[in-house]
Each structure stands twice: as C-alpha cells, then as structure tokens.
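Colleague: Here it is, the structure, as structure tokens.
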C-alpha cells in the first residue's frame, strides 16, 4: 500500500502541537527551580566557594587530574552565574539539569532566626564537589551506586583539603565505608559495571569506597 503524504496543514498542526508540548515541559521545569537566596547571600556564597577552590587547588587532591577536572567544573558554573545558593533544597548541594539543557549547581543555605546563613566551608566543599561529579557525568535522574560513591569520595577529599586533614585509604561516612552508606541510602539505584570515576580508575573507586568488600 502506498504511503500517504501529510498535507502541509496537518504537518503544521503536528509541529505546532509538538512545539507546545516542549514549551509546556520547559515551563514546568522552570517553575520547579529552587528559589535563589537574596543577592547578598549569593555574593557571600560565591566568595566562600572561591576561597574553598583556592584551598583545594593548593592540596594534593587539587593538583590531581581528578581535582583539577572537578574544580574547573565548579568554576564554569560560577562564570555562567549557575552556582546558586538557596534554602529550597534538602541536600548540601544539588546538580539539576533541565529538559532543554539548562543546568545549575545549587548550594544549600540554612534559615536561622529568620535569616539565611551559609554552611561551614567543609560541608560546602563536600556538597559542591560531590555534585560536580554528577555534572561531569551528565546528571542522570537516578545515578548508579558507583557514581554516588564517586561523588561522596570527591566530597570527602575536598572537605579534607579545606580542613587540612588526612583521609584513610578506606573512605568512611559515619564510621562506615562509603559503599555501605550509599547502598543503604539509595537502595533502588542500579549498579554500573562500566562506570569510570572522574579522573581515576574503576579499581581505585572500588577500593577506596569499599565496593570490593562482600555485601553485608
């Protein structure tokens, strides 16, 4: 049977409907963006992140390929005005990518006594470097267990660089290996046998996060 060609009118209607759907989806995502903190909080936050990046850059972690890649990613968000401080998120930081490509790295502020205040530098460093991993890896809706471990490992390294402390070979959160923490916190997240951490080998991540240990 010969295929029927679409008339110009029908084609125009289909394109119009498709465009309207894309516009509606984009508008919805925009409406869900976290509300930015006031300008003076944004300014103070950016200055604090710049100081954090200076400390990280001076560290062994900051001089590694991994540290340089993640620091450069954070700086790009700052240059584009996409490093945004907000009280409207739950985690320490959040990378968010929208349908048409708009992305931003949000950093949490706390409301105390009716005013917004920033977290301390160690916590802020942990949050932004963790989310920088997700930004480098594209920000999928549900990251793999390996990617989450990669994010927490990067955050711990940045926090240690800020405080000048030494990390153990097996990285811990609340006294437990990163892998144990992540698998409990994200039980529905998939494993990814092909995941490659930012600036390191897969074997490095498995060892430092405790993913090579038998499950408990």
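Colleague: Taking the Cβ of each residue in 108, 176 as the centre, tally the other Cβ atoms inside 10 Å and list the residues starting with the fewest.
Modeller: In increasing order of surrounding Cβ atoms, one gets 176, 108.
Colleague: Provide the FRET efficiency to the nearest 0.05 for the residue 65-residue 166 pair, computing r from the beta carbons and using R0 = 25 Å.
Modeller: Working: r = 20 Å, r/R0 = 0.81.
Here the calculated transfer efficiency is 0.75.
Colleague: Could I have the simple spin-label model distance between residue 72 and residue 195, label points 7 Å from Cα toward Cβ, reported in nm to one decimal?
Modeller: Placing both labels 7 Å along Cα→Cβ, they lie 2.3 nm apart.
Colleague: Taking R0 as 25 Å, what FRET efficiency do you get between residue 115 and residue 185 from their Cβ-Cβ distance, rounded to the nearest 0.05?
Modeller: Plugging the Cβ-Cβ distance into 1/(1 + (r/R0)^6) gives 0.25.
Colleague: Still on this structure, please answer the following. State the antiparallel share, in %, of DSSP beta bridges confined to segment 36-209, rounding to the nearest 5.
Modeller: Around 75 percent of the beta bridges assigned by DSSP in segment 36-209 are antiparallel ones.
Colleague: Which of 212, 124 comes first, and how do the rest follow, when ranked by fewest Cβ neighbours within 10 Å?
Modeller: Values: 212 12, 124 25.
Ascending Cβ contact count within 10 Å gives the list 212, 124.
Colleague: So, one more: First measure r as the distance between the Cβ atoms of residue 202 and residue 47, then evaluate 1/(1 + (r/R0)^6) with R0 = 45 Å and state the FRET efficiency to the nearest 0.05.
Modeller: Step by step, r from the Cβ atoms, then E = 0.80.
Colleague: Still on this model: Would you work out if segment 36-117 is rounded, prolate or oblate? Take a ≥ b ≥ c from the square roots of the eigenvalues of the alpha-carbon gyration tensor; rounded if a/c is under 1.5, else prolate when a/b is larger than b/c, oblate otherwise.
Modeller: Oblate shape, in that a/c is at least 1.5 and b/c is the bigger or equal ratio.
Rule-based calculations on the coordinates, nothing more; no lab input. Just so it is clear, the structure is predicted and the values come from calculations on it, not from any experiment. We place every Cβ from the backbone using ideal geometry, glycine too, and count neighbours over all the protein chains shown.
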